[in-house]
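Here is the structure we will look at, set down as structure tokens.
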Amino acid sequence: MNTKTLVLIIAVLLLLLAAAVLIWFLIKRQKCKKRVRRMCMPEKLCMLEKLVEPFGFSYLRGQDVFTGTLDAWQKEAGYRTFYDRAAVHFHMIFDALPVYYDYEGKTWLIELWKGQYGISTGAEVGVYHAKKIVDRPARRWTQFEAADVEEMPHIGYRLERKGKTFSMQGYHWWLAGFRVGTFSRPGKLRLMTTISFREREEACQFYGGLEEAGVPSEQCRISGNEVHVCFEKERRKKKCVLCRAASCIYRGFLQIQNAICCKLFVFVTRPFTETADRMLFLYFLLPGCFKRALLRPGRRFKGYVPRRQEAS
């Protein structure tokens with residue numbers, strides 16, 4: 001048998017293998033479609049809730065978003081400045097507004113985020129504190145713990161995108177909302193936030209932290225125990241021209257990937273239009289992709305694995 005014949009046989013076998021895989025995939029896809037369509041909506045929501053709970057999320061059909069739970073595993077990780085710097089490597093491209101202030105013998109951090117988290121557009125408001133007063137230079141190295149139940153302020157926010165919005169509210173240490181299958185540029189999002197503190201003094205301290213963070217007076221105001229913040233653009237730290245250019249190119253490259261993945265998600269999960277249907281269909285068809293879709297917004301904490309995931 002000469003070389004040409006051998007190459008031809010290998011090529012034919014590869015084509016047959018590819019055809020077999022394609023036929024298997026199409027058959028499986030039809031079975032997954034039927035499986036989702038046979039389920040009633042309460043059954044879908046119950047199953048989806050069980051699937052996303054180990055990742056620290058819950059699905060809110062009314063807002064069509066995944067939100068963080070009060071007992072999410074992310075709470076154990078707390079917060080470090082490093083998490084934000086590492087997030088870009090997990091395809092999380094967002095604007096961040098960290099606000100530090102001192103209150104009752106502790107340095108507090110309330111941080112706002114908005115942007116693209118893999119194939120999801122979302123926003124977060126996190127509430128953390130150190131165990132003591134921390135000097136400004138040491139803040140970037142300090143481990144901040146998530147606020148306890150009795151320390152949580154009431155948070156409400158509205159994320160605006162091209163005239164469309166979703167809103168979240170409640171007492172929380174990490175009020176988060178992520179809409180799957182939507183692509184956005186962080187600079188095109190506007191986050192309108194209202195934080196209601198238990199004491200007027202803490203509200204004043206937080207407002208002072210906003211001024212320290214460089215938030216213009218026209219974008220924040222205080223009213224009694226409430227502080228209102230309009231977060232549109234992130235204040236970029238000064239970098240050399242080359243570093244800034246490299247960062248922009250890298251973020252732009254990852255955003256292209258995010259945009260492609262969003263379109264793939266919508267394409268693969270067609271003809272479904274509701275998020276619950278899309279996510280369950282993806283779970284039945286490609287469980288690995290379902291897991292990655294949920295890990296994007298949850299994996300700001302590099303190297304940290306949820307205990308409930310380890311157990312499974």
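Structural remarks
- Filter pass, R190 being open to solvent by 50 Å² or more (accessible area, probe 1.4 Å) and over 25 Å from Y59 (Cβ atoms): no
- Contacts under 6 angstrom Cβ, first residue in segment 145-157 being more than 10 Å from K75 (Cβ to Cβ) and of a type in the set (A, V, I, L, M), partner open to solvent by 10 Å² or more (accessible area, probe 1.4 Å) and outside any strand (DSSP E or B), 6 or more apart: M152/H172; I155/H172
- Complete set of residues in segment 83-107 that are open to solvent by less than 10 Å² (accessible area, probe 1.4 Å) and part of a helix (DSSP H, G or I): A86, A87
- Check on H172, crowded, with 18+ Cβ neighbours inside 10 Å and touching a helix residue (DSSP H, G or I) at 6+ places or on another chain (Cβ under 8 Å): no
- Of all the residues in segment 1-58, those that are closer than 21 Å to V268 by Cα and among the small types (G, A, S) number 3.
- Qualifying residue in segment 239-251 (condition: hydroxyl-bearing (S, T, Y), open to solvent by less than 70 Å² (accessible area, probe 1.4 Å) and either modelled with pLDDT of 95 or more or over 27 Å from T67 (Cβ atoms) (or both)): yes
- For L264, the conditions (1) in contact with a His (Cβ under 7 Å, 6 or more places away or on another chain); (2) aliphatic (A, V, I, L, M); (3) within 27 Å of R29 (Cβ to Cβ) all hold with the exception of (1).
- With a requirement of 2 or more residues that are among the polar types (S, T, N, Q), the strands (runs of 3 or more DSSP E) lying completely within segment 166-283 that satisfy it span 190-196.
The values are calculated or read from the model by the stated rules, or taken from the named source; none is laboratory data. All figures in this text were calculated on a predicted structure; none of them were measured in a lab. Cβ atoms come from the backbone with ideal geometry, glycine included; neighbour counts cover every protein chain shown. The accessibility values were calculated without ligands, DNA or RNA, using every heavy atom of the protein model including side chains. Shrake-Rupley method; radii C 1.70, N 1.55, O 1.52, S 1.80 Å.
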